[in-house]
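K.L.:
Below is one structure. I have some questions about it.
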Amino acid sequence: MASTDLLIRITGICVAVCGVYALQTASRSRSDRHSLIVAAGWVAITSSLVIWAFTSGADKGVALGAIAVIIAAMGALLRVARSGPARKAKSLPKKAVSAPPEPASLTFWTGLRRIWVAALIGPVAGLAALAACAAGFAALRSAGMEHTANLTIVSFGFPIMWALFAFIAGFDRRLLRKTAIIFGGGLAPLSYLALTSATGGGA
Amino acid sequence: MTSSIWPKASATRVAQSLEAHSIIALALGGLVYILVLTGTICVFNHELQRWEQPDAPEMATIAPDAAARAAETVFRMEETPTIHLYINFPQPDLPRTVITTDTQAFFADSNGQITGPETFPWTQFLLDLHYYLHLPPVLGLTVVGALGAFLIALSFSGFLAHPRIFRDAFTFRRGEGRVPLTDLHNRLSVWTSPFHLSNALTGAILGLASVLGFAIAAAQFDGDIGAVFSPVFGDDPPAVEGDAPLAEIAAPLAYMRETFPERPATYFILHEPGTAGQHSSVIGKHDDRLIFGEYYQFDADGAYQGNVGISDGTIGQQIIGSVYNVHFGNWGGVGVKLAYLVFGLSLAVIVASGLRIYFTRRREKGRAAPRLEAAWEGVVWGTPVALAATLFAAIAGGIEGAALVRMFWIGMILLTGAACVHADASSVIRSLKLVLAALLFFSLIAYAVQHRDLLFSPASLPVTPVLLFASVALSGIRFRFDRLPLKPFERTPAE
């Protein structure tokens, strides 16, 4: 049993290394078979995860396989780094070259804008994500979803939504638009919760 | 030559994604870095606990009767009745039996005799830093969970800001300057993304669970937070007033050994001991799964009541039951822990290099910020220096608790401030590396003085040689084997 397990693991490692090697080969060349090699690489990597699933429980086996793929990729990177020449840095001034000072009034509004963007990224995005997930839980519960599945979805959804709102707050250059998106993202679900609570639904 | 199969990235999208990436990194990079570094070290918290108290009795297993005897002894020692009584069973990376109540913890030997209190002040300081940033628990967990969410945002924005992500997948130019630094940052970010995304997500889930639970309870269950989590982790039986003799402890443990021999017990939990409503759970380990274990429930007489379902219940229970182990890397033995060490240090390099790229770009554009750049290096190298300083204080000076916390945060402020004033990033790095090497070395000296008889015991290894190696490597001492004297029979060309 132990030797079979070891054989499966070695096979999984070899297939992962082959997959990473195929992707590395594809990244170096742009031949007619480029797409085929990329596809073969990803098929090999996926196959290695499937092989690893047989070494333990499916969840733990796949996780071990993912670690093997990452280590194979890091090994490939190390090989690439060692094979190339070391570059020298450009010599740059360490002190700031004098730049024109910003007008005082622009600095004040810029500062205020930055504080507002920080608030949007942090607590505002967090509260909006929390409201969205609480409302999402209520909606899925009303639709009859099983409790633990529902809780799992919103547990994963909360940090992902917060990340998404934080990204929007930094990505969008229009202050009003991103404020509206994030506030709307929080107020709409709060309204839903208030409405369902008032009508006695969702309990 | 064929064209790429991937759609061209919009320049506007790339620029705005990079802006979002920079904003979040500049605002929160320091705290994220502290979390990443402490988390990486925390993977080995069991090894560090053993190292801090190398004289505790160790064993591979403990008999049910002996464990019960130890638990009963500690229960009788309690002045104020405890609500929970725990037995922490020996595990491969922490082969010790510890009896814990709400306020105390004691080691037990293999005969069930209590040998002394369990105390690991520096490791506890490190765990509290990673879990709560030393803030009050619920606030700290929420802040740390939020940082996990921001790390997800950094990953997301980083991917979108990377227009040649597939073409450059294996481009890695080493050396000095912005290009090699960018290659290091981008390549490590992409290829270790399964790790840092899963760790950021699971860390955020764990940290934000309280806040989410409160919100759902308020919205759907009239504020009853138990109703939110009990379908996952099991219900408590209805409360019953009155005293009772202590519940059976040996019987459930013996039952587990006979009925589930492939599920070794990691914890025994006795709820409300000595009361009419007492009941117990045994957490059995499932070695072939990512879950932390399964709760096997017993009544006060030791009769088996069934399991909660973390291992074989709903998909939701099994997924939520896996979050803890996936985050802390304690699901696959030493091999997985070492992988987490490599990936965790890679993430620390990603965070550190990210801001270095920002400062290098500023210099290239003629907007150098030497004080901020030096301050960032003060954070990058100051964090391990502050950790090493607290380690030395704990070992040599017996300092613990709030004093270690103050020492760390005041140290961080002073180191970052001093670096900012000095304004030379290269010399800040050199100086802090030497200070770190010295602190690790003197910590080892202090440890060797205190535990000279146990310096080479299984509890002291492997932490001692790792710290010694780190100290030598950081000091910059190079061993020149080519300058060793010639062997007697070798002749020089002149002979």
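K.L.:
If I ask for residues that are among the acidic types (D, E) and open to solvent by less than 10 Å² (accessible area, probe 1.4 Å), which ones from the range B:369-384 would you list?
P.N.:
B:E377
K.L.:
Only one of these is farther than 18 Å from B:Y33 by Cβ, open to solvent by less than 40 Å² (accessible area, probe 1.4 Å) and over 19 Å from the mean Cα position of the chain (by Cα): B:G397, B:G366, B:G411, B:G417. Name it.
P.N.:
Answer to the check: B:G366.
K.L.:
Looking only at the range B:318-338, count every residue that is among the polar types (S, T, N, Q) and either more than 8 Å from B:F292 (Cβ to Cβ) or open to solvent by 30 Å² or more (accessible area, probe 1.4 Å) (or both) and tell me the total.
P.N.:
2
K.L.:
Let me ask another. Only one of B:R187, B:R173, B:R178 is open to solvent by 40 Å² or more (accessible area, probe 1.4 Å), of a type in the set (D, E, K, R) and closer than 17 Å to A:R28 by Cα. Can you tell me which?
P.N.:
Every option except B:R173 fails the conditions.
K.L.:
Quick one: B:T259 ticks every box in (1) away from every other protein chain (no Cβ under 14 Å); (2) within 29 Å of B:T80 (Cβ to Cβ); (3) of a type outside the set (F, W, Y); (4) open to solvent by 50 Å² or more (accessible area, probe 1.4 Å) except a single one, so which number is it?
P.N.:
(2)
K.L.:
When the range B:100-142 is examined, which residues are found to be more than 10 Å from chain A (Cβ to nearest Cβ) and β-branched (V, I, T)?
P.N.:
Within the range B:100-142, B:T100, B:T101, B:T103, B:I114, B:T115, B:T119, B:T123, B:V138 meet the criteria.
K.L.:
Going through the range B:425-436 one residue at a time, which ones are surrounded by fewer than 20 Cβ atoms within 10 Å (Cβ to Cβ) and more than 12 Å from B:G378 (Cβ to Cβ)?
P.N.:
B:S426, B:R430, B:K433, B:L434
K.L.:
Find the residue count for the range B:142-175, including only residues that are among the charged types (D, E, K, R) and either under 23 Å from B:T12 (Cβ atoms) or modelled with pLDDT of 85 or more (or both).
P.N.:
The total comes to 3.
K.L.:
From the list A:A128, A:A180, A:A149, A:A169, exactly one residue is over 19 Å from B:S157 (Cβ atoms) and either modelled with pLDDT under 95 or more than 9 Å from chain B (Cβ to nearest Cβ) (or both). Which is it?
P.N.:
Within the list A:A128, A:A180, A:A149, A:A169, the selection yields A:A180.
K.L.:
To continue, here is another question. Pairs, please: C-beta under 9 Å, at least 6 apart or cross-chain, first residue in contact (Cβ under 8 Å) with a residue 60 or more places away in the chain and in the range A:182-201, second open to solvent by 60 Å² or more (accessible area, probe 1.4 Å) and part of a helix (DSSP H, G or I)?
P.N.:
Short answer, once both residue conditions are applied: A:G186/A:L127.
K.L.:
Among A:S142, A:S155, A:S191, which is away from chain B (no Cβ under 11 Å) and either over 26 Å from the mean Cα position of the chain (by Cα) or of a type outside the set (D, E) (or both)?
P.N.:
One residue alone meets the criteria, A:S191.
K.L.:
State all residues of the range B:94-124 that are without any contact (Cβ under 8 Å) to a residue 24 or more places away in the chain and of a type in the set (A, V, I, L, M, F, W, C); if no residue qualifies, say none.
P.N.:
Across the range B:94-124, the qualifying residues are B:V98, B:A105.
K.L.:
Exactly one of (1) farther than 14 Å from A:A163 by Cα; (2) out of contact with any His (no Cβ under 8 Å at 6 or more places or on another chain); (3) open to solvent by 40 Å² or more (accessible area, probe 1.4 Å) is unmet by B:F159. Its number?
P.N.:
(1)
K.L.:
When the residues of the range A:29-44 are narrowed to those that are among the charged types (D, E, K, R) and facing another protein chain (nearest Cβ under 7 Å), which ends up nearest to A:I13 (Cα to Cα)?
P.N.:
Among those residues, the one meeting the criterion is A:R30.
K.L.:
Separate question: Taking into account only those residues within the range A:23-38 that are open to solvent by less than 50 Å² (accessible area, probe 1.4 Å) and part of a helix (DSSP H, G or I), which is farthest from B:W191 (Cα to Cα)?
P.N.:
A:H34
K.L.:
Moving to a separate point now. Return yes or no: is B:A219 at pLDDT 95 or above and either part of a helix (DSSP H, G or I) or at the interface with chain A (Cβ under 10 Å from one of its Cβ atoms) (or both)?
P.N.:
Here the answer is no, as B:A219 does not meet what is asked.
K.L.:
Inside the range B:206-216, can you point out the residues that are facing chain A (nearest Cβ under 9 Å), closer than 20 Å to B:L127 by Cα and of a type in the set (A, V, I, L, M)?
P.N.:
Once the filter is applied, which keeps residues that are facing chain A (nearest Cβ under 9 Å), closer than 20 Å to B:L127 by Cα and of a type in the set (A, V, I, L, M), the range B:206-216 yields B:L208, B:A209.
K.L.:
Report, by residue number, each residue of the range A:168-187 that is crowded, with 17+ Cβ neighbours inside 10 Å and either part of a loop (DSSP other than H, G, I, E, B) or hydroxyl-bearing (S, T, Y) (or both).
P.N.:
A:D172, A:T179
K.L.:
Check B:A169, B:A161, B:A153 and return the single one that is within 24 Å of the chain's Cα centre (by Cα) and among the small types (G, A, S).
P.N.:
B:A153
Okay, residues lined up against (1) out of contact with any strand residue (DSSP E or B) (no Cβ under 9 Å at 6 or more places or on another chain); (2) of a type in the set (K, R); (3) within 17 Å of B:L432 (Cβ to Cβ); (4) at the interface with another protein chain (Cβ under 10 Å from one of its Cβ atoms):
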| position | (1), (2), (3), (4) |
| --- | --- |
| B:S311 | no, no, no, yes |
| B:H327 | yes, no, no, no |
| B:G335 | yes, no, no, yes |
| B:Y358 | yes, no, no, no |
| B:G378 | yes, no, yes, no |
| B:L387 | yes, no, yes, no |
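Conditions tested, residue by residue: (1) modelled with pLDDT of 90 or more; (2) open to solvent by 60 Å² or more (accessible area, probe 1.4 Å); (3) not in a helix (DSSP H, G or I).
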site: B:F441; (1), (2), (3): yes, yes, no
site: B:Y447; (1), (2), (3): yes, no, no
site: B:A459; (1), (2), (3): yes, no, yes
site: B:V466; (1), (2), (3): yes, yes, no
site: B:D482; (1), (2), (3): no, yes, no
site: B:F489; (1), (2), (3): no, yes, yes
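K.L.:
Limited to the range A:72-116, what total is found for residues that are more than 7 Å from chain B (Cβ to nearest Cβ) and at pLDDT 60 or above?
P.N.:
Within the range A:72-116, residues that are more than 7 Å from chain B (Cβ to nearest Cβ) and at pLDDT 60 or above number 17.
Here is a yes/no grid of residues against (1) more than 10 Å from chain A (Cβ to nearest Cβ); (2) part of a loop (DSSP other than H, G, I, E, B):
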site: B:F166; (1), (2): no, yes
site: B:T182; (1), (2): yes, no
site: B:L188; (1), (2): no, no
site: B:P194; (1), (2): no, no
site: B:A204; (1), (2): no, no
site: B:G223; (1), (2): yes, yes
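K.L.:
Quick check on B:I249: is it open to solvent by less than 40 Å² (accessible area, probe 1.4 Å) and over 30 Å from the mean Cα position of the chain (by Cα)?
P.N.:
It is true that B:I249 is open to solvent by less than 40 Å² (accessible area, probe 1.4 Å) and over 30 Å from the mean Cα position of the chain (by Cα).
K.L.:
Quick one: which of B:A149, B:A169 is closer than 26 Å to A:I37 by Cβ and small (G, A, S)?
P.N.:
B:A169
K.L.:
Taking the range A:57-71 on its own, how many of its residues are touching a residue at least 12 places away in the same chain (Cβ under 8 Å), open to solvent by 30 Å² or more (accessible area, probe 1.4 Å) and either of a type in the set (F, W, Y) or facing another protein chain (nearest Cβ under 7 Å) (or both)?
P.N.:
Count: 1.
K.L.:
Looking only at the range B:58-77, which residues are open to solvent by 30 Å² or more (accessible area, probe 1.4 Å) and either part of a loop (DSSP other than H, G, I, E, B) or without any contact (Cβ under 8 Å) to a residue 60 or more places away in the chain (or both)?
P.N.:
Scanning the range B:58-77 gives B:E58, B:A60, B:T61, B:A63, B:R69, B:T73, B:R76, B:M77.
The values are calculated or read from the model by the stated rules, or taken from the named source; none is laboratory data. It should be emphasised that the depicted structure is a prediction, and the values quoted were computed from it without experimental measurement. In this analysis, Cβ positions are derived from the backbone assuming ideal geometry, glycine residues included, and neighbour counts consider all displayed protein chains. For accessibility, only protein heavy atoms count, side chains too; no ligands or nucleic acids. Shrake-Rupley method; radii C 1.70, N 1.55, O 1.52, S 1.80 Å.
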